[in-house]
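Asks: Okay, handing you the structure first.
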Amino acid sequence: MHDPAPTTDAPTKPPPAPVGVREAFLFWLKLGFISFGGPAGQIAIMHQELVERRRWISERRFLHALNYCMVLPGPEAQQLATYIGWLMHRTRGGIIAGALFVLPSLFILIGLSWMYVAFGETRLVSGLFYGIKPAVTAIVVQAAHRIGSRALKNNVLWAIAAASFVAIAGFDLPFPAIVVGAALVGVVGGRLSPGHFSAGGAHGKADKSFGPALIDDDTPTPEHARFAWSRVARVIVAGGLLWLVPMGLLTAIWGWQHALTQMGWFFTKAALFTFGGAYAVLPYVFQGASGHYGWVTPTQMIDGLALGETTPGPLIMVVAFVGFVGGYVKAVFGPDSLFLAGAVAATVVTWFTFLPSFIFILLGGPLVETTHNDLKFTAPLTAITAAVVGVVLNLALFFGYHVLWPKGFGGGFDLISALIALGAAVALFRFKANVIHVIAACAAVGFVLLNF
């Protein structure tokens with residue numbers, strides 16, 4: 001059954017002029033610096049720029065690409081940029097688009113992370129973060145609510161969310177095991193009771209047009225985007241080498257147990273389990289980076305998430321903060337090269353976190369381009385997304401505990417932090433305030449309270 005033909009809002013518009021690599025490069029660079037607001041905000045910016053204003057791609061093709069990115073592990077907004085860049089300008093276009101989505105935030109976070117570890121004990125910085133931490137707790141609660149309101153459409157999905165919460169909060173099961181278990185439930189449930197697993201994955205169907213686009217609904221798939229086993233082999237070999245060579249060098253130079261090598265290995269695994277966005281993978285990062293390896297403390301992770309919320313780029317870039325602090329604190333290059341250690345560690349973590357996203361797009365893109373109908377394999381994603389709700393709720397409780405009882409239950413309740421968190425929650429839920437505005441306001445309150 002075919003979708004109804006889209007209505008034409010601007011039938012008299014001429015087709016846009018062809019776009020060269022240089023023009024696309026400048027746009028993707030600009031996007032890397034303005035992509036605030038998390039995945040929803042970033043996707044909205046790309047839709048406005050690429051579909052509505054520039055008309056580089058049609059609404060239907062944009063949503064089709066987004067549906068594919070939603071079923072992949074990894075940051076869907078960055079993968080969507082990579083997909084569109086690849087569709088327009090082959091492999092180099094995809095690499096340019098995906099890399100420029102990440103690099104500005106990497107450089108910004110390296111600078112902010114250095115300021116944090118170098119000056120974090122001053123009253124100025126301590127005051128700012130005293131107000132920011134309760135705001136982050138409210139933001140994570142809002143994330144759990146936002147994901148849950150979209151994902152939990154029936155009792156079966158509610159049960160999956162509850163089971164995942166009990167699994168991670170009560171039994172401390174690793175996040176990858178929860179993801180795999182939820183996916184298996186989705187596979188089986190999608191066959192036995194498909195009606196209960198039809199709520200996730202897709203972002204809807206196009207119902208309007210903004211005029212003719214460069215990549216329009218009926219634009220033939222370009223030659224480089226057609227499936228061929230030779231291309232699959234090239235991507236697998238190139239992607240394998242891009243992972244194996246750096247990992248081999250780290251192991252050969254410093255050994256398998258060195259912090260940099262373990263960061264590369266740990267964040268490779270994290271990259272493969274980021275179903276449901278950054279908030280979903282943060283518990284896994286907590287379990288490893290804080291609990292197992294000791295690269296950061298729980299308090300530092302909360303601070304890192306606050307920095308990630310206030311910088312452009314994917315929220316999962318908080319891993320760059322984890323890498324920087326871990327490399328800096330562990331002094332992996334000795335006590336005289338702390339900044340270099342942090343910067344290299346942040347770069348290593350970013351490389352191994354985002355490399356799989358590029359491979360997934362270059363591997364799967366041609367398969368997706370063979371059909372422009374909705375994808376049919378969303379049942380596992382639906383179950384995973386339901387499980388993510390329980391995991392993120394546990395994350396919110398984890399943050400709340402460390403913010404409201406900073407010295408443990410025996411150390412007293414921090415009433416001021418509770419009031420700041422309550423104010424942030426009211427601003428987010430009742431007044432739909434911008435996340436960055438909420439963080440800025442709470443930071444100002446914390447600064448005043450600790451310095452005046």
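The values are calculated or read from the model by the stated rules, or taken from the named source; none is laboratory data. Keep in mind the model is a prediction, meaning the values are calculated, not measured. Ideal geometry is used to build each Cβ from the backbone, glycine not excepted, and the neighbour counts take in all protein chains shown. Side chains included, ligands, DNA and RNA excluded: accessible areas come from the protein's heavy atoms. Shrake-Rupley method; radii C 1.70, N 1.55, O 1.52, S 1.80 Å.
Asks: For Val368, indicate whether it is under 30 Å from His224 (Cβ atoms) and modelled with pLDDT under 90. Even if it seems obvious, please write down each step before you answer.
Replies: Working: under 30 Å from His224 (Cβ atoms): yes; modelled with pLDDT under 90: yes.
Yes; evaluated as a whole, the condition is true for this residue.
Asks: Does the range 237-262 hold any residues that are under 14 Å from Trp351 (Cα atoms) and loosely packed, with under 11 Cβ neighbours inside 10 Å, and which are they?
Replies: Once the filter is applied, which keeps residues that are under 14 Å from Trp351 (Cα atoms) and loosely packed, with under 11 Cβ neighbours inside 10 Å, the range 237-262 yields Leu244, Val245.
Asks: Might you check whether a residue that is surrounded by fewer than 24 Cβ atoms within 10 Å (Cβ to Cβ) and over 22 Å from the mean Cα position of the chain (by Cα) occurs anywhere in the range 279-290?
Replies: no
Asks: Okay, next question. Given the conditions (1) touching a Leu at 6+ places or on another chain (Cβ under 9 Å); (2) farther than 22 Å from Asp303 by Cα; (3) surrounded by 23 or more Cβ atoms within 10 Å (Cβ to Cβ), which single one is not true for Gly98?
Replies: Failing condition for Gly98: (1).
Asks: Condition (residue is of a type in the set (A, V, I, L, M, F, W, C), part of a helix (DSSP H, G or I) and farther than 23 Å from Pro298 by Cβ) applied to the range 165-177: is it met by at least one residue? It would help to see each step written out before you state the result.
Replies: The first filter runs over the range 165-177 and keeps only residues of a type in the set (A, V, I, L, M, F, W, C), leaving 165-169, 171, 173, 175, 177.
Those still in the list that are part of a helix (DSSP H, G or I) too: 165-169, 175, 177.
With the extra rule that they be farther than 23 Å from Pro298 by Cβ, the set shrinks to none.
Scanning the range 165-177, I find no residue that is of a type in the set (A, V, I, L, M, F, W, C), part of a helix (DSSP H, G or I) and farther than 23 Å from Pro298 by Cβ, so the answer is no.
Asks: Here is a follow-up. Name the residues in the range 293-313 that are of a type in the set (Gly, Ala, Ser) and either on the phi < 0 side of the Ramachandran plot or touching a residue at least 40 places away in the same chain (Cβ under 8 Å) (or both), would you?
Replies: Going residue by residue through the range 293-313, those that are of a type in the set (Gly, Ala, Ser) are 294, 304, 306, 308, 313.
If the condition is that a residue be of a type in the set (Gly, Ala, Ser) and either on the phi < 0 side of the Ramachandran plot or touching a residue at least 40 places away in the same chain (Cβ under 8 Å) (or both), then Gly304, Ala306, Gly308, Gly313 are the ones that fit.
Asks: Let me ask something else. What helices (runs of 4 or more DSSP H) lie completely within the range 369-452 and have 1 or more residues being closer than 25 Å to Gln42 by Cβ and in contact with a Phe, Trp or Tyr (Cβ under 7 Å, 6 or more places away or on another chain)?
Replies: Details: elements: 379-404, 415-429, 435-451.
The qualifying helices (runs of 4 or more DSSP H) are 379-404, 435-451.
Asks: When the residues of the range 71-90 are filtered to those that are of a type outside the set (A, V, I, L, M) and part of a loop (DSSP other than H, G, I, E, B), which remaining residue is nearest to Leu381 (Cα to Cα)?
Replies: Pro73
Asks: Hey, could you check the range 404-452 for residues that are over 29 Å from the mean Cα position of the chain (by Cα) and of a type in the set (Val, Ile, Thr) and say which is surrounded by the most Cβ atoms within 10 Å (Cβ to Cβ)?
Replies: The residue in question is Ile416.
Asks: Next up: How many residues are among the aliphatic types (A, V, I, L, M), touching a Leu at 6+ places or on another chain (Cβ under 6 Å) and open to solvent by less than 10 Å² (accessible area, probe 1.4 Å) when one looks only at the range 66-82?
Replies: Final tally of qualifying residues: 2.
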